[in-house]
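Where a number appears in this text, it was derived from the coordinates with a stated rule and is not lab data. A quick note: this is a predicted structure, and the numbers were derived from the prediction, not measured. Here the Cβ positions follow ideal geometry from the backbone for every residue, glycine too, while neighbour counts run over all protein chains shown.
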Amino acid sequence: MEIARDIVDRLRSMLPAGRPLALHEPLFGGNEWRYVKECIDTGWVSSVGSYVDRFERDLARYTGARAAVATVNGTAALHIALNMAGVEAGDEVLVPALTFVATANAVSHCGAHPHFVEVSEKSLGLDPHRLRSHLEALCERGERGCLNRETGRRIAAVVPMHTFGHPVEMTPLMALCEEYGIAMVEDAAESLGSLYNGLHTGTFGKVGALSFNGNKIITSGAGGALLSNDEALARRAKHLTTTAKLPHAWEFVHDEVAYNYRLPNLNAALGVAQLERIEEFVARKRRLAAAYQELFADLPGVIPFHEPEGARSNYWLNCLLLDRADGEMRDAVLRATHEEGLLTRPAWRLMHRLPIYGHCPRMELPVAEDLEARIVCLPSSVGLAA
Ligand SMILES: *Cc1c(COP(=O)(O)O)cnc(C)c1O
């Protein structure tokens, strides 16, 4: 297909040649080696050590959250975040249909049911306006909060996910949550460094979750964190993620069935070093996004995606929107770029189209289905921008 050829030619004219270009690879070169080596030299590699505390302090300071709790990965952070927000077995939780499967899995891990909702073409994230119409038609507000009339279940929480780093339209979503008595848990796994109205994503809801997996804007190898402005909630999250052990010099007393979700000190050391460079990384990502936007500005048939109004996006992943929702065309672009060693990706298979989640309640999803056939993610490593 012509369009696939054009896209490959333009990418080739901009990107370095000679080796395959991954969708996203980490960039080291700061204090990573020094801090990790210190863990090994001192023997503090595992479940206790000063880097965990330091990582939590640095994350809170950087995001403006009152508190941060480091976890073994982002999915674990989301699981505990939902628990902290009061999600119980048998509840429903509103989740965008366009997301990575971890968002829905964390809901399942609570024994709750994901309820898939529509996304916006402006942010690629949850659409609060369409969600309002959906809730107006479907829900009843009662003593226990918001009830789904069709399933009889409580809708306990909503999980906006800031797709590829682009902030969800939070102001109307927060108003909606307030009106319906629905708790908000932000999946900010992709959006460290992204701001909405000048405030950090992940700090709007009752609790937010970050990820430091190897393909995120900064990495701790594997890792995650909860963010919250409620310090009591954060203390409780820390307790639940560290086997609910009561502090004592030698006794092992655990006061509830909890989780071993703590981040090892070794990983925290890597995370601390990476976080020192986050603003430089965001600046580089934004330069890369500007370069892609210019590269594709005048190519008919494609639209380089641009951050939504009122947002500063970290542009974790850059993407093109094909102007026609044509799965074959999208696949031709993916194939042609892969043949050239440009390891592009589609968006995730929509959650309601995965057999594991096909039975879940959902609203009409025309925008998500349209976007699924149009999104092509481009190589977006921090190292690709000067
Ligand atoms: C990366 C990611 C997570 C968490 O992933 P982990 O690999 O468990 O750290 C959750 N949600 C979204 C949308 C993500 O992209």
*Just for the chain, what percent of DSSP beta bridges are antiparallel, to the closest 5?*
65 percent
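Provide Leu343, Leu246 in ascending order of the number of other Cβ atoms located within 10 Å of each residue's Cβ, fewest first.
Values: Leu343 17, Leu246 10.
Least crowded to most crowded, the residues run Leu246, Leu343.
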*Quick one: Debye curve from the alpha-carbon atoms of the stretch 304-370 only, equal weights, vacuum; give me log10 I(q)/I(0) at q = 0.15, 0.18 Å⁻¹ to two decimals.*
-0.70, -0.94
*Which value in Å is the Kirkwood Rh of the stretch 263-386 over different Cα pairs?*
16.8 Å
*asked:* Please compute the Kirkwood hydrodynamic radius of the chain from all pairs of different C-alpha atoms, in Å with one decimal.
replied: 21.5 Å
*Considering the convex hull of the alpha carbon atoms of the stretch 1-159, report its projected area averaged over all viewing directions, in nm², one decimal.*
15.6 nm²
*Alpha-carbon centroid distance for the pair the stretch 316-386 / the stretch 1-57, whole angstrom*: 22 Å
*Using a cut-off of 18 Å between alpha-carbon atoms, which lysines can reach Lys285, once sequence neighbours fewer than 8 places away in the same chain are excluded?*
Lys216
*For the chain, built as a Gaussian network whose Cα springs stay under 10 Å, the top-fluctuating residue of His352, His113, His248*: His248
*Note down the nm distance, to one decimal, between modelled labels 7 Å out along Cα→Cβ at Arg61 and at Glu339.*
5.2 nm
*Which chymotrypsin sites (Phe, Trp or Tyr not before Pro) in the stretch 170-254 pass both tests, a DSSP loop state and at most 13 other beta-carbon atoms within 10 Å?*
Trp250, Phe252
*Is the stretch 28-94 rounded, prolate or oblate when judged by the Cα gyration tensor, a ≥ b ≥ c being the square roots of its eigenvalues, rounded requiring a/c under 1.5 and prolate requiring a/b larger than b/c?*
prolate
*Once you have the Cα-Cα distance between Val48 and Arg19, take 0.36 nm times their residue separation minus that, and quote the gain in nm to one decimal.*
6.5 nm
*Coil-residue GluC sites (Glu not before Pro) of the stretch 173-265, DSSP, other Cβ within 10 Å capped at 16*: Glu251, Glu256
*Which of Asp41, Asp370, Asp230 moves most in a GNM of the chain, Cα contacts under 10 Å?*
Asp41
*Rounded FRET efficiency, nearest 0.05, which uses the C-beta distance separating Leu299 from Ala244 and R0 of 51 Å*: 0.35
*Length gain on complete extension for the stretch Tyr259 to Arg324, per 0.36 nm per residue less the alpha carbon to alpha carbon distance?*
18.8 nm
_Using a Cα-Cα cut-off of under 22 Å, which lysines could be cross-linked to Lys206, ignoring same-chain neighbours fewer than 8 residues away?_
Lys238
_Where trypsin sites (Lys or Arg not before Pro) fall in DSSP loop in the stretch 290-375, at most 15 other Cβ within 10 Å_ = Arg324, Arg349
